[in-house]
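Participant: My questions all concern the structure below.
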Ligand SMILES: Cc1cc2nc3c(=O)[nH]c(=O)nc-3n(C[C@H](O)[C@H](O)[C@H](O)COP(=O)(O)OP(=O)(O)OC[C@H]3O[C@@H](n4cnc5c(N)ncnc54)[C@H](O)[C@@H]3O)c2cc1C
């Protein structure tokens, strides 16, 4: 058992921290050898505590167990220290403490990443979830947000002024993690990904320095940070461009039985080839609450409602659907329609890839694969990209998948951990069957712990440029507990 609060970092935590366990996998020459690292003593921990405005939690402290939990119930990790940051100074102190004491670092935003990289075993978790301030400037149409906000919180504030920016479609995901990996959402075909709407960020780098990154300041860092999560540091502020949206949009879904899935998905593909950028349509294979296998087409039209009624009419007429709940609703509500289907704490394993095309063969394989689904909570999602996402150059940001028309996510979700193997196998097998249709690329925000090859696939032709940046900003690979871009030079700090 780890030692209790007040006793420094335990030997067990220390060994894990320094890479003696599974965490060393993939770290190459950069993990810290136990014999070279120092044990963090009680005096150092107390010193850190004195420097903090926020809370410091250790195993055994009240609130520790709640703070270490993330959305994916499969993730059960125990950091030696959790710093619940109250502001930038706490982040700087935590980064300096981790570097000085050779501690593994994880960074937590909204805690929704399926890989669970927000929380580490044995190291220090820099928890930003309490940093939730936001300032919206309706005149310049910009918002400056702290990284602990969720999209539900962000949208509420910007919608008070009839404004929004592209964000995740589940209200509980974190603005930081979603944006720093890409940011797919209803507005992306009109306004680009969430990260395309970043004007600047503040980031605490591995050397403990706060840097601003924008197109005119530290532009190289700004390129990398837009897609590379915590690889270049801890982002403490995100400045977004906003757009007039809603407040009423036309959103919801139509449902068809799985027997009609082939026709419905072919219709979906043809339909998407004709719609304007204001319209986004995602398709899902899922099981309804009363146990029926269905195909759903989820939509959001963000232009004027009257024009939208014409755009959505074919969706409402095709079939006809067994259920049609596409209707005018507040934009904030459209951003939380799937919340209930993704409750916190269930077990999750996702596999994903960008698709080259949604061909008839791809549709056949998906539908066939879904027939073998092993859990009523599991689903398959096809996200429509294109529009503004594809008009931005591949080398403008670290996000590299501008040309793919669709993203595919196979989401195994279940409640009983004892059943994990069969559900994970279902997702893996379907994912393998879909490989002939993949572009080879993968969206970093949906990656599990899948190894270095898949991280390279996430960054594609941008990977080498990101390695150079890592060599410049984090040569010691302090920020390695993530989808890691491994540096190739090592400088002593
Ligand atoms: C239910 C559900 C719905 C989703 N819907 C969408 C969607 O609509 N669109 C979409 O694009 N994605 C979606 N995702 C995927 C989502 O983008 C990722 O899970 C994202 O990484 C979550 O961000 P977070 O801040 O909540 O998670 P976290 O787990 O806290 O963080 C994710 C990663 O980002 C890093 N990170 C977080 N904050 C910072 C920071 N301030 N500085 C540096 N690094 C940081 C973390 O270290 C971690 O590696 C969804 C996921 C779930 C579970």
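The numbers here are math on the coordinates, done by the rules we state, and not lab data. These numbers were taken from a predicted model, which means no experiment stands behind them. For neighbour counting, all protein chains shown are included, and Cβ atoms are generated from backbone atoms with ideal geometry for every residue, glycine included.
Participant: Can you give me the convex hull volume of the Cα atoms of the chain, divided per residue and expressed in Å³?
Facilitator: Values: hull volume 66.1 nm³, N = 493.
So the per-residue hull volume is 134 Å³.
Participant: Once you order the gyration tensor axes a ≥ b ≥ c over the Cα atoms, which shape class does the range 295-395 get: rounded for a/c under 1.5, otherwise prolate or oblate by comparing a/b with b/c? Please list the in-between numbers first.
Facilitator: Values: a/c = 1.38, a/b = 1.24, b/c = 1.12.
It comes out rounded by the Cα gyration axes.
Participant: When only C-alpha pairs under 8 Å and at least 6 residues apart count, what is the relative contact order of the chain, in percent? Let's see the in-between values first.
Facilitator: Details: 1142 pairs, mean separation 72.1, N = 493.
Relative contact order for the chain comes out at 15 percent.
Participant: Using alpha-carbon positions, what is the distance between the centroids of the range 267-312 and the range 213-263, in Å?
Facilitator: Taking the Cα centre of the range 213-263 as reference, the centre of the range 267-312 is 19 Å away.
Participant: Using only the alpha-carbon atoms, how far is helix 463-473 inclined from the longest principal axis of the chain? Give it as 0 to 90 degrees, nearest 10.
Facilitator: Around 30 degrees separate the two axes.
Participant: May I pose another question? Using Cα pairs closer than 8 Å and at least 6 residues apart in sequence, work out the relative contact order for the range 356-493, in percent. Provide the component values of the computation, followed by the final result.
Facilitator: Values: 160 pairs, mean separation 31.1, N = 138.
So the answer I get is 23 percent.
Participant: Over the range 380-469, what per residue volume does the convex hull of the Cα atoms give, in whole Å³? Don't skip to the end; give the middle numbers.
Facilitator: Numbers: hull volume 10.1 nm³, N = 90.
About 112 Å³ per residue, rounded to a whole number.
Participant: Rounded to the nearest 500, what is the chain's calculated 222 nm mean residue ellipticity when only DSSP H runs of at least 4 contribute -39500 (n - 2.57) each, over all residues?
Facilitator: On the way: 16 runs with 140 residues, N = 493.
Here the helix-only value at 222 nm equals -8000 deg cm²/dmol.
Participant: Over the range 46-126, what is the relative contact order in whole percent, taking alpha-carbon pairs under 8 Å and six or more residues apart?
Facilitator: Reported relative contact order: 34 percent.
Participant: Rg to Rh ratio, the range 318-466, alpha-carbon atoms and Kirkwood radius? Please report the intermediate quantities before stating the final value.
Facilitator: On the way: Rg = 16.8 Å, Rh = 17.1 Å.
So for the range 318-466, dividing Rg by the Kirkwood Rh gives 0.98.
Participant: Please figure out what share of the DSSP beta bridges in the chain is antiparallel and state it in percent, rounded to the nearest 5.
Facilitator: Details: 67 of 75 bridges.
Bridges in the chain that DSSP calls antiparallel: roughly 90 percent.
Participant: Between the range 161-205 and the range 436-457, how far is it from one alpha carbon centroid to the other, in angstrom?
Facilitator: 21 Å
Participant: Can you list the residues of the range 333-367 with backbone N under 14 Å from a point 7 Å past the Cα of residue 270, pointing along Cα to Cβ?
Facilitator: Within reach of a label on residue 270: 360.
Participant: Still on this structure, please answer the following. Given bins 10 angstrom wide, list per bin the percent of all Cα-Cα distances in the range 146-278, short to long.
Facilitator: Here the calculated profile for the range 146-278 is 12, 36, 27, 17, 7, 1.
Participant: Can you give the angle from 0 to 90° between the axis of helix 42-51 and the longest principal axis of the chain, with both taken from C-alpha atoms, to the nearest 10?
Facilitator: The two axes meet at around 60 degrees.
Participant: Something else now. Using alpha carbons only, how many degrees (0 to 90, rounded to 10) separate the axis of helix 88-100 from the longest principal axis of the chain?
Facilitator: 60 degrees
Participant: Quick check: pseudo-label points 7 Å beyond the Cα along Cα→Cβ at residue 132 and residue 323, how many nm apart are they?
Facilitator: Result for the modelled spin labels: 3.0 nm.
Participant: Next question, about the same structure. What is the range 239-336 by shape, rounded, prolate or oblate, if you read a ≥ b ≥ c off the alpha carbon gyration tensor as root eigenvalues and call it rounded for a/c under 1.5, prolate for a/b larger than b/c, and oblate otherwise? It would help to have the intermediate numbers written out before the result.
Facilitator: Numbers: a/c = 2.04, a/b = 1.62, b/c = 1.26.
Judged from the Cα gyration tensor, the range 239-336 comes out prolate (a/c at least 1.5, a/b above b/c).
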